[in-house]
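Asks: Let me begin by handing over the structure; questions about it come next.
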């Protein structure tokens, strides 16, 4: 059929653009207007081939083949299909796996099925040479596009260049319409301060676990000293409770500290307690923990061994969502939610608030800031995993993303509850 198709190797296109504009092929050194780039590719392909566009295929790698935010934006654009290969790390560097094979398969299938008469290839990999030759044998004209090389030389396979029917170069002026190099001065300057919500969570005191660990070490040292002095007396009281568990007879003993390790004294423990406790005369921060989960609750009462009664009744979003709403949520996630961690937390909180049967749940949640009950917190992070934020098996979960997700959740809670509780303007009052 008389139409054209564009196959884009995103690793080549964006890596070569980064080399041209930033001096190195790291895609982290550039910012990309993906909508503008797709529009440019379509316009140029239709102009040079003189044919209407059938489709743009965007081939890229992603950890565990989980779509990243940029892939989510691309795959809902008109006439764009995203194909993902694996992205693996070896010797500290990322490498794409399966992208070339996917491009080769698509190229040969389009030609064999006569789905188009012209194919535009934006790639430099010589592994696509057999596919290019096969497409030519099926009567398809192959246009090979290159990104202008930083050193003025070829950045494509010479065999690929020789076999192409037409060749064009995407020069600097064309690239810079949708791609920009990040400010180098900004990279050398101190990192920008996080959003206030994230800073509040980051500045929270250390969890109680650090204090509990120090207390256990002190108890172990005291027990060891008593055994050296003839053993503890039979009427000695059991060790004080830590996190609600008494360490007395029948409990697991804490092992003594290793040789050469210093043991905190009672004076040191008092200092830790005073550091963890808010100053009586200073205004207490709204933030009370470092992690918004059920663990690390600084002022948690000793009896709170499990889910507190005041939060155990809080419904999860899954319990509040009907089948129709679930379908609508998924549609919104695919078409409008970009996947920014802060945005993900806001979307989750908005849905949860809108579906609550009674507002008393919001009041119970608000007094726990910045802690999120364990069940809701786990559901929030699982929701974020859909956007590729937490599904990287090869790496640790990014700590800043977790803070941003939870900060977005709390910002939405704060904004919506403030709007609902704001007093109505008095009759006749002037509107600012």
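The values are calculated or read from the model by the stated rules, or taken from the named source; none is laboratory data. Since the structure is predicted, the reported quantities are computational estimates derived from the model, not experimental observations. Cβ coordinates were reconstructed from backbone atoms using ideal geometry, including for glycine residues, and neighbour counts include every protein chain displayed.
Asks: Kindly indicate whether residue 93 is at negative phi and either in the same structural domain as residue 45 (by TED's automatic domain parsing) or in contact with a strand residue (DSSP E or B) (Cβ under 8 Å, 6 or more places away or on another chain) (or both). So that I can check it myself, show each step before the final result.
Replies: Details: at negative phi: yes; either in the same structural domain as residue 45 (by TED's automatic domain parsing) or in contact with a strand residue (DSSP E or B) (Cβ under 8 Å, 6 or more places away or on another chain) (or both): yes.
Taking the combined requirement at face value, the residue satisfies it.
Asks: Taking into account only those residues within segment 51-78 that are modelled with pLDDT of 95 or more and over 24 Å from the mean Cα position of the chain (by Cα), which is nearest to residue 177 (Cα to Cα)?
Replies: So, considering only residues that are modelled with pLDDT of 95 or more and over 24 Å from the mean Cα position of the chain (by Cα), the one nearest to residue 177 (Cα to Cα) is 56.
Asks: Take the residues of segment 45-66 that are assigned to a helix (DSSP H, G or I) and in contact with a strand residue (DSSP E or B) (Cβ under 8 Å, 6 or more places away or on another chain): which is surrounded by the fewest Cβ atoms within 10 Å (Cβ to Cβ)?
Replies: By that ranking, first place goes to 64.
Asks: Kindly indicate whether residue 16 is without any contact (Cβ under 8 Å) to a residue 60 or more places away in the chain and crowded, with 23+ Cβ neighbours inside 10 Å. Full working, then the answer.
Replies: Details: without any contact (Cβ under 8 Å) to a residue 60 or more places away in the chain: no; crowded, with 23+ Cβ neighbours inside 10 Å: yes.
Judged against the criteria, residue 16 is not a match.
Asks: So, one more: Cβ-Cβ distance below 6 Å, separation of 6 or more or different chains: which pairs start in segment 401-413 with a residue that is in the same structural domain as residue 69 (by TED's automatic domain parsing) and without any contact (Cβ under 8 Å) to a residue 60 or more places away in the chain and end on one that is outside any helix (DSSP H, G or I) and surrounded by 24 or more Cβ atoms within 10 Å (Cβ to Cβ)?
Replies: Close Cβ pairs satisfying both conditions: none exist.
Asks: Regarding segment 352-368, can at least one residue be identified that is within 21 Å of residue 399 (Cβ to Cβ), touching a helix residue (DSSP H, G or I) at 6+ places or on another chain (Cβ under 9 Å) and either crowded, with 19+ Cβ neighbours inside 10 Å or at pLDDT 90 or above (or both)?
Replies: no
Asks: Sort out for me the strands (runs of 3 or more DSSP E) sitting completely within segment 91-169 that have 3 or more residues that are surrounded by fewer than 16 Cβ atoms within 10 Å (Cβ to Cβ) and without any contact (Cβ under 8 Å) to a residue 40 or more places away in the chain.
Replies: In segment 91-169, the matching strands (runs of 3 or more DSSP E) lie at 93-97.
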